[in-house]
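Asker: Before I ask anything, let me first share the structure, which is written out below as structure tokens.
The values are calculated or read from the model by the stated rules, or taken from the named source; none is laboratory data. Bear in mind that the values here come from a model prediction, so they are computed numbers and not experimental data. Positions of Cβ are generated from backbone atoms using ideal geometry, with glycine treated the same way; all protein chains shown enter the neighbour counts.
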Amino acid sequence: MKRTIILCLILAITLLAGCRSPKQTPTKPTPPQPECNCGYRWLETTFSTTVSGVSVTGIIRTSCDSVIWVSVNKVIEMGRMKLTPDSATVFVKILNKAYRGTYNDLYRQTKYRTSFDEIQKKIDDAYRNNKKQITFDINATQLKETVVLDIRRMEPSPAPLHYPLKMPANVKWIKL
């Protein structure tokens, strides 16, 4: 009988101790998300185009003011590109070659001047105005052509889009 009473008291004390109100710890206000200049936070676009007489399709995944991923396909994936505000990484899968550097390095090699902001503005303009095409006038050393991306689908996403740019171990890095 004494054991039962002692056990009930221990159980009651344990339950009462667990029922007390938790300490109020001051919480820091979460900093506001940086204002996005785009009409979206994450956007996925599928397109088709012709470059130098070759028809290809592709996907562009964009995180506003952060990163633009591009994948180009012709039956199989031909290459991927990751653009950030300060650098460009290009992986040409069919040649197993890759480039990583700044936009200025790219300009010195190809004589084609572009920037993250310019590309993002064209994508954002197409999204805001429901355009079905994005046009790039390329005047580079090896390619002088107007490339028109025919938009098939352009949808914002409520969740982050991921598209890692994975490189095989034996990739040959191009130095500019």
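Asker: Looking at the structure I just gave you, is TYR163 closer than 18 Å to THR46 by Cβ, in contact with a strand residue (DSSP E or B) (Cβ under 7 Å, 6 or more places away or on another chain) and at pLDDT below 90? Give the steps one after another, and end with the answer.
Answerer: Details: closer than 18 Å to THR46 by Cβ: yes; in contact with a strand residue (DSSP E or B) (Cβ under 7 Å, 6 or more places away or on another chain): yes; at pLDDT below 90: yes.
So TYR163 fits the description; yes.
Asker: Just name the residue that is nearest to TRP69 (Cα to Cα) out of those in the stretch 108-142 that are aromatic (Phe, Trp, Tyr) and not in a helix (DSSP H, G or I). Even if it seems obvious, please write down each step before you answer.
Answerer: Of the residues in the stretch 108-142, the ones aromatic (Phe, Trp, Tyr) are 112, 116, 127, 136.
From the residues that got through so far, the ones that are not in a helix (DSSP H, G or I) too are 112, 136.
Details: TYR112: 19, PHE136: 17 Å.
Selected residue: PHE136.
Asker: With the requirement that a residue be assigned to a loop (DSSP other than H, G, I, E, B) and polar (S, T, N, Q), what does the stretch 143-176 give you? If you could, list the steps in order and put the result at the bottom.
Answerer: Taking the stretch 143-176 first, the residues assigned to a loop (DSSP other than H, G, I, E, B) are 143, 158-171, 175-176.
ASN170, the sole residue that qualifies.
Asker: State the number of residues belonging to the stretch 145-165 that are without any contact (Cβ under 8 Å) to a residue 40 or more places away in the chain and among the polar types (S, T, N, Q).
Answerer: Total satisfying the criteria: 1.
Asker: Looking at (1) at pLDDT 90 or above; (2) surrounded by 14 or more Cβ atoms within 10 Å (Cβ to Cβ); (3) farther than 18 Å from PHE47 by Cα, find the lone condition where MET81 falls short.
Answerer: (3) is the only condition that MET81 fails.
Asker: Still on this structure: Among the residues of the stretch 84-102, count how many are among the aliphatic types (A, V, I, L, M) and either more than 19 Å from MET167 (Cβ to Cβ) or surrounded by fewer than 17 Cβ atoms within 10 Å (Cβ to Cβ) (or both). Outline the logic, then answer.
Answerer: Step one: of the stretch 84-102, the residues among the aliphatic types (A, V, I, L, M) are 88, 90, 92, 94-95, 98.
Adding the requirement that they be either more than 19 Å from MET167 (Cβ to Cβ) or surrounded by fewer than 17 Cβ atoms within 10 Å (Cβ to Cβ) (or both) leaves 94-95.
Residues flagged as among the aliphatic types (A, V, I, L, M) and either more than 19 Å from MET167 (Cβ to Cβ) or surrounded by fewer than 17 Cβ atoms within 10 Å (Cβ to Cβ) (or both) within the stretch 84-102 amount to 2.
Asker: Can you go through ASP150, ASP137, ASP105 and tell me which one is under 27 Å from TRP42 (Cα atoms), surrounded by 11 or more Cβ atoms within 10 Å (Cβ to Cβ) and touching a strand residue (DSSP E or B) at 6+ places or on another chain (Cβ under 9 Å)? Explain how you work it out, then say what you get.
Answerer: Working: ASP137 fails: surrounded by 11 or more Cβ atoms within 10 Å (Cβ to Cβ); ASP105 fails: under 27 Å from TRP42 (Cα atoms).
One residue alone meets the criteria, ASP150.
Asker: Related question: Only residues that are farther than 18 Å from ILE151 by Cβ, within 12 Å of the chain's Cα centre (by Cα) and assigned to a strand (DSSP E or B): list them for the stretch 60-79, please. Before you say what the answer is, go through the steps one by one.
Answerer: Restricting attention to the stretch 60-79, the residues satisfying the condition of being farther than 18 Å from ILE151 by Cβ are 63, 65-67, 74-79.
Filter once more, keeping what is within 12 Å of the chain's Cα centre (by Cα): 63, 65-67.
Residues satisfying the conditions are SER63, VAL67.
Asker: If I ask for residues that are of a type outside the set (A, V, I, L, M) and either without any contact (Cβ under 8 Å) to a residue 12 or more places away in the chain or at positive phi (or both), which ones from the stretch 59-78 would you list? It would help to see each step written out before you state the result.
Answerer: If we filter the stretch 59-78 for residues that are of a type outside the set (A, V, I, L, M), which is where we start, we get 61-66, 69, 71, 73-74, 77.
Passing the criteria: only ASP65.
Asker: Give the stretch 85-107 a look and list any residue that's of a type outside the set (D, E, K, R) and in a helix (DSSP H, G or I), or say none. Quick ask: steps written out before the conclusion?
Answerer: Residues of the stretch 85-107 of a type outside the set (D, E, K, R): 85, 87-92, 94-96, 98-99, 101-104, 106-107.
TYR103, ASN104, LEU106, TYR107 - these are the residues of the stretch 85-107 that are of a type outside the set (D, E, K, R) and in a helix (DSSP H, G or I).
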